[in-house]
Amino acid sequence: MAELPIPDLPPARPVVSAALLAAGAFTGAGLIALGVGWGLANLVELRTAEVIRTRMMTEGYTWAHVQTDGLIVALSGTAPTEAQRFGAVNLAGGLVDSGRLRDDFAVEPAKVVAPPRFSVEMLRNDDGVQLIGLLPEGADRARLTEAASGIKSIIPPMDMLETASYPAPKGWQDALAFGVTALKLLPRSKISIAAEGVTVTAIAGSDIEKRQFEAALTAAAPDGLAVTVNISAPRPVLTPFTLRFVIDAGGARFDACSADTEVAQTRILAAAARAGAKGELSCTVGMGVPSPSWAEATSKAIDALAALGAGTVTFSDADITLPAGDTVTQASFDRTVGELRAALPDVFSLDARMPEKVNAATSGPAEFTATLDAKTHRAELRGRLGDDRMQAAVASFSARRLR
């Protein structure tokens, strides 16, 4: 019997035990579970932080920062106030369990509130007294109302004062005491009181009363207190409105002077200085001027008197008298008076006279000159005429012939 050949068989593979397979499967499952858990934890942290951060921004807590560490939610940032911090913590506690919150908020230090500026305005007139302003808490309000009530008036005092719970600043009591003194003294006044000083604005009945008020306030002002006083007095009514200017051997000077405004006063005094007046010149500013052209008329009259060299010019309202001095010649008188009469505003009436002792033999004939410029055709009339009718006739004739 023949022997059969034995085939070649592959080498035997090692057999993996069931225990090893089980261990590998368990390990893989654990790693997968760990990865999934870690991913889910990160997702929960990010989602929680995003939700809380979005709500914080929506509610206006822009200063708050949110971070998560597992289930713990850390809140940080600097809150403007304690109320803002409390509101942010409550908002986060409504979104996650409060046990998971860690409050790391800080609060800005409280700012020191500056005390208000205390000041009082006191207004007094014939009707009554008004009190307006802010006072420190204390007895100052009663002191002011008592002073206002003691002033006789048509209506009771109007109290619009308020108080604040702050101490009085340095200098306040001195300022208040001086203000009350001024209120009692001045019947028509506005008094502004502050710790820095007192401002008094008032109206007096006359210049004398004005000076009396100013002296009394100066005496009552405490040392170290800044006091500003502005008291005005109405201008006096001058009747008649007069001016008298003299040029003689004693020099040029005012015997009387009136002006309607400070501008007119300056113009009149300047004309007097040109005429030779020396020293400190004064001119009373008042009401009752006969014409707005008062300064123009008086300054021209003073200039004319200076051209004559001697004499007196007197204004009584719109009437002017001008007696010339003994040294004035008739020719100079006629020329100067004629020019002045032509220059005066229409409302003024001029009465000019030569001294009686000057006669025709010494004064010479009256002169009247008419000049026509060949280039400009401008006519100039100089000299003195007999009366207003003659002056009007000459003016009419020259206007027809020389136009």
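Consider the range 289-323. How many of its residues are in contact (Cβ under 8 Å) with a residue 60 or more places away in the chain, within 12 Å of A271 (Cβ to Cβ) and outside any strand (DSSP E or B)?
Total satisfying the criteria: 1.
Any residue in the range 360-373 that is assigned by TED's automatic domain parsing to the domain that holds K300 and at pLDDT 90 or above?
no
Name the single residue that is surrounded by the most Cβ atoms within 10 Å (Cβ to Cβ) among those in the range 239-288 being in a loop (DSSP other than H, G, I, E, B) and hydroxyl-bearing (S, T, Y).
Here the residue is T261.
Just to be sure, is L340 at negative phi, assigned to a helix (DSSP H, G or I) and touching a residue at least 60 places away in the same chain (Cβ under 8 Å)?
When the stated conditions are applied, L340 does not pass them.
Applying the selection to the range 165-181, what residues are in a helix (DSSP H, G or I) and free of Cβ contacts under 8 Å to residues at least 40 places away in the same chain?
Residues satisfying the conditions are Q173, V180, T181.
The values are calculated or read from the model by the stated rules, or taken from the named source; none is laboratory data. Everything numeric in this text was worked out from a predicted model, so none of it was measured. Quick reminder, even Gly has a Cβ in these numbers, built from the backbone with ideal geometry, and neighbours come from all protein chains shown.
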